[in-house]
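Colleague: Structure in structure tokens, see below.
The values are calculated or read from the model by the stated rules, or taken from the named source; none is laboratory data. A quick note: this is a predicted structure, and the numbers were derived from the prediction, not measured. FYI the Cβ positions are ideal-geometry reconstructions off the backbone, even for glycines, and counts take in every protein chain you see. These area figures cover heavy atoms from the full protein model, side chains too; ligands, DNA and RNA do not enter into them. Shrake-Rupley method; radii C 1.70, N 1.55, O 1.52, S 1.80 Å.
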Amino acid sequence: MRFVLRYRSQWMASAAVKLCSGGAPANGAAEAAPAAGAAPSSKRAMDYDQALSQVGGDESLLQRMIGQFVECTAKACTRMDGFVEKSEWESLRLEAHSLKGASGYVCCRELVQLCGALQDAATTKDADQSAKLVAEVSRCFAALSIEIDGLRTDGGGGGKAAPAPAAPAP
């Protein structure tokens, strides 16, 4: 438990995007989120090697974190759909903020960016943009789930099996 808390504290001391990108953009600005409906990035959805580095090379810990992340993210996607439908902006903002942080812990950079944009859209109560971004978060998570499943089947990620993903309901 101390091991987890030590690394959690280290992560919280740095911005999630900085952890996963190897440094902040030169001008100090955050990178823009991909446009809604944009073609999927050719980059991997998760930087497994960077995430592994963040936990000091402890694959077992990373696998448990990924399992919890997948489980929680699937539920968060469903909740965020409901928040948009009901115009529950503060709940949507908080959910996006939480998912942004969790995505940073496992180095899912695109999700970090999308959740940051969703958090902003919820703050301004922009229903159309929020709906588009929730759909993009779900799309990105679906791609991530496929990637994690691939780690399980092709021996990626140091040859350790990643937990089976549970994709959100469409």
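Residues are listed down the side, and each one gets a yes or a no for (1) out of contact with any Leu (no Cβ under 6 Å at 6 or more places or on another chain); (2) closer than 20 Å to Ile148 by Cβ:
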site	(1), (2)
Gly57	yes, yes
Gln68	yes, yes
Glu71	yes, yes
Ser87	yes, no
Arg93	yes, no
Ala102	yes, yes
Leu118	no, no
Thr124	yes, no
Ser130	yes, no
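Colleague: State whether the residues of the stretch 113-132 include one that is farther than 15 Å from Leu92 by Cα, touching a residue at least 60 places away in the same chain (Cβ under 8 Å) and open to solvent by 20 Å² or more (accessible area, probe 1.4 Å).
Modeller: yes
Colleague: For the stretch 49-108, enumerate the residues that are open to solvent by 10 Å² or more (accessible area, probe 1.4 Å) and of a type in the set (Ser, Thr, Tyr).
Modeller: Ser53, Ser60, Thr78, Ser87, Ser91, Ser98, Tyr105
Colleague: Determine whether Cys72 is touching a His at 6+ places or on another chain (Cβ under 8 Å) and not aliphatic (A, V, I, L, M).
Modeller: When the stated conditions are applied, Cys72 does not pass them.
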